[in-house]
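Structure record follows, encoded as structure tokens.
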There are 2 protein chains.
Amino acid sequence: MLRYFSRTLVIFSKTRYLCVSANQSLSLPRKTPFGCLSFRFGVSKASSQSIMENVVTEHREQELLLLSASYDDFEGVIVNMKDAMDPAVFVASLRASISHWRQQGKNGVWIKLPIELANLVEVVVKEGFWYHHAEPKYIMLVYWIPETANSLPVNATHRVGIGAFVMNDKKEVLVVQEKSGKFRGTGVWKFPTGVVDEGEDICKGAVREVKEETGIDAEFVEVLAFRQSHKSFFEKSDLFFLCMLRPLSFEIQKQDLEIEAAQWMPIEEYAAQPFVQRHELFKYFSDICLAKIDGAYAGFAPISTTTSFSAKPGYMYFNTRDFNHHQKSGNHP
Amino acid sequence: MLRYFSRTLVIFSKTRYLCVSANQSLSLPRKTPFGCLSFRFGVSKASSQSIMENVVTEHREQELLLLSASYDDFEGVIVNMKDAMDPAVFVASLRASISHWRQQGKNGVWIKLPIELANLVEVVVKEGFWYHHAEPKYIMLVYWIPETANSLPVNATHRVGIGAFVMNDKKEVLVVQEKSGKFRGTGVWKFPTGVVDEGEDICKGAVREVKEETGIDAEFVEVLAFRQSHKSFFEKSDLFFLCMLRPLSFEIQKQDLEIEAAQWMPIEEYAAQPFVQRHELFKYFSDICLAKIDGAYAGFAPISTTTSFSAKPGYMYFNTRDFNHHQKSGNHP
């Protein structure tokens, strides 16, 4: 779809507005030791290289200023647009740049446009780019140079939600009624639920949601189960984690905006609700919580870890009861 | 940011190109029984309502055709643009529509623009809209009408990856060397890994990736552990699931594009690799697999379920060993 620009005839003076700044590089592995964990922005000492070159055409000695970009470990190029540019000038520069990158054997081309440069979206699309993803303040467009099928990584596909099972010493569970959504006006008492914020750990998001909705302080214990569903929101999928939390305070102060009512309720009363009994998933969740109360059920507990390569903090969740028992038993290499 | 259009003076004839089609409604709960599961497209019989009205201004009897849209259960309005429109005409119609929706007490306004209508992105942004998300073929823009803080649901935040622990009867584990990424040329043998496709179940994605990379047929057994990490890719987070699979075939046919080598390797040899021993997360994963081999470790097995409201299929993952044992013991209500 891209119109080639094999013999560059455009002349640019080295004006500042053409010096598109790029201070980030993009790692683009399709596979990683963790499947998908190492895509990231960040200056890569090994391979990041700024492109801001004068290209001498074969016909005349003409100066052409290419778009500034960074390389990555995966033959990709990223252009991080920051300053306004005349669309026509930008297109000419983009065409020349792609021609240059093609000669270099580059594959994927990423252009990040802040929302202030929305006027450039149309021209980039007309050059054969397509949307990769967008966040409130920018849109990322991509293009694949080679003839081969593109192996560009996919956009985020999932949202992550939590439901919190919080029980006090009297075997009363923390439940709420919501002001909006499917449960409005139904009288159904449910666990506090919420969506994990961008960049937030599941174990921290669960604690935050319980605090926000009910005022109860709690500490995270385990993920008891999780559920993946699809086409939940604009074709995206959901991962919902049923989490057990231990309460550290007991006086409820409900949030008024979203919560109609909140209380501690005997677990049997919660479980006996017709809605819970009638719906397979709620019944499973309720039964898992009851098994947990009996001490019969091990979920996945979080431990803090760092990733191997970037030393970024994060949490790993696994069956620590079985694991620790196995390690102590010495029945392993 | 939106410029008001309180007294509509624009005259439109009822030409077809103004009849922006909208055949979808959007459910917008901020909270759901599962935290985030019920945002979805789909015609809502209860509340979906097409808007295509003639507005009579206070000055003259003029016809103004508003943008066609659908309502949802949460006071939101969605405009699903399909046909080309002159940008100036579109802006006038959008302003009048927002004025109309404001009078109706609507909150969020969603405009979905296919990539073919990239020329409208700039004008929508100039009306005060911002980007919500984008997929290859469209961009979704949003606007919040009331004075209050917007409670629009967030975009997808996570990508989901899998790593596959596949062991044959000789206690040999299926391992690969990758052609690109961090492990290129390191000689490190690793489990097959991959990214779950949009809309794909974790248990099915793991089976697919093993087949694609090594030609081995396998059936899913359990999620042994998972790991959440952040800022992995364009500020997005990752959930990586370590999965156990049981091989159903044993002859390796490696995929040449991404995989340098593939083999069955004694588990002890895999675990003894300096890289595995040196990196906390790999060591944990390796030790969990060894505990699993000894029969000492219960992970989360998938069971097929449907969601309560939409009857959509999906999988729930939990400790079925403990759960089933508890149910059989009768030690529960």
> Pairs A:Lys292/B:Lys171; A:Lys254/B:Lys231; A:Lys231/B:Lys283; A:Lys236/B:Lys254; A:Lys171/A:Lys254; B:Lys190/B:Lys292: which are spaced more than 24 Å apart, C-alpha to C-alpha?
Replying inline: A:Lys292/B:Lys171; A:Lys254/B:Lys231; A:Lys231/B:Lys283; A:Lys236/B:Lys254
> Can you list, shortest first in nanometers, how far B:Glu147 lies from the same residue in the other copies, with each label 7 Å from Cα toward Cβ?
Replying inline: 6.4
> For A:Ala84, which inter-copy label distances result when the label point lies 7 Å beyond Cα on the Cα-to-Cβ vector, reported in nm to one decimal and in ascending order?
Replying inline: 2.8
> Shielding of B:156-168 by partners, i.e. mean partner chain Cβ atoms within 10 Å per residue?
Replying inline: 6
>> Placing the label point 7 Å from Cα along the Cα-to-Cβ direction, what are the distances from B:Asp256 to the equivalent spots in the other copies, shortest first, in nm to one decimal?
In response: 7.0
> Residues of A:193-201, mean number of Cβ from any other protein chain within 10 Å of their own Cβ, rounded to a whole number?
Replying inline: 6
> For B:Asp86 and B:Asn150, what does the FRET efficiency come to when R0 = 25 Å and r is the distance between their Cβ atoms, rounded to the nearest 0.05?
Replying inline: 0.30
> For the range A:61-144, rounded, prolate or oblate, judged on the Cα gyration tensor with a ≥ b ≥ c (square roots of eigenvalues), a/c < 1.5 rounded, else prolate if a/b > b/c?
Replying inline: oblate
> Can you run phi through the Karplus equation (6.51, -1.76, 1.60; θ = phi - 60°) for the range B:114-126 and list ³J(HN,Hα) in whole Hz, with x for Gly and Pro?
Replying inline: x, 4, 5, 9, 4, 5, 8, 4, 4, 5, 5, 4, 5
> Of A:Lys179/B:Lys312; A:Lys204/B:Lys204; A:Lys182/B:Lys126, which sit over 27 Å apart, Cα to Cα?
Replying inline: A:Lys204/B:Lys204; A:Lys182/B:Lys126
>> Just to be sure I understand: if I project the alpha-carbon convex hull of the range A:85-217 onto a plane and average over all orientations, what area do I get in nm²?
In response: 12.9
>> Could you give the length gained by full extension between B:Arg278 and B:Thr186, i.e. 0.36 nm per residue of separation minus their alpha carbon distance, to one decimal place?
In response: 31.7 nm
> So what J values fall out for the range A:286-294 if you push phi through Karplus, 6.51 cos²θ - 1.76 cosθ + 1.60 with θ = phi - 60°, rounded to Hz, Gly and Pro as x?
Replying inline: 4, 5, 5, 5, 5, 5, 5, 4, 6
>> Taking each residue in B:217-226, count the Cβ atoms of any other chain within 10 Å of its Cβ, then average. What number comes out?
In response: 3
>> If I take R0 = 30 Å and measure r between the Cβ atoms of B:Glu268 and B:Glu212 in this structure, what FRET efficiency does the formula 1/(1 + (r/R0)^6) give, to the nearest 0.05?
In response: 0.65
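Go through the range A:86-179 and name the trypsin sites (Lys or Arg not before Pro) that are in a DSSP coil and have 16 or fewer other Cβ atoms within 10 Å of their Cβ.
When the trypsin sites (Lys or Arg not before Pro) of the range A:86-179 are filtered for loop state and at most 16 Cβ neighbours within 10 Å, A:Lys137, A:Lys170, A:Lys171 remain.
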>> For a quick check of understanding: with a 1.4 angstrom probe and all protein chains in place, what accessible area in square angstrom does A:Tyr131 have, to the nearest ten?
In response: 0
> B:Glu235 to A:Lys328: FRET efficiency via 1/(1 + (r/R0)^6), r the Cβ-Cβ distance, R0 35 Å, to the nearest 0.05?
Replying inline: 0.30
> Whose amide H sits under 5 Å from the amide H of B:Tyr315, counting only residues 5 or more places off or on another chain, with H placed in the peptide plane?
Replying inline: A:Gln228, B:Thr305
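The values are calculated or read from the model by the stated rules, or taken from the named source; none is laboratory data. Remember, it's a predicted structure, so these values are computed and weren't measured experimentally. Glycine also receives a Cβ, built like all others from the backbone with ideal geometry; neighbour counts cover every protein chain displayed. The protein model used for the area step is the full one, side chains on, heavy atoms only, and it has no ligands, DNA or RNA in it. Shrake-Rupley method; radii C 1.70, N 1.55, O 1.52, S 1.80 Å.
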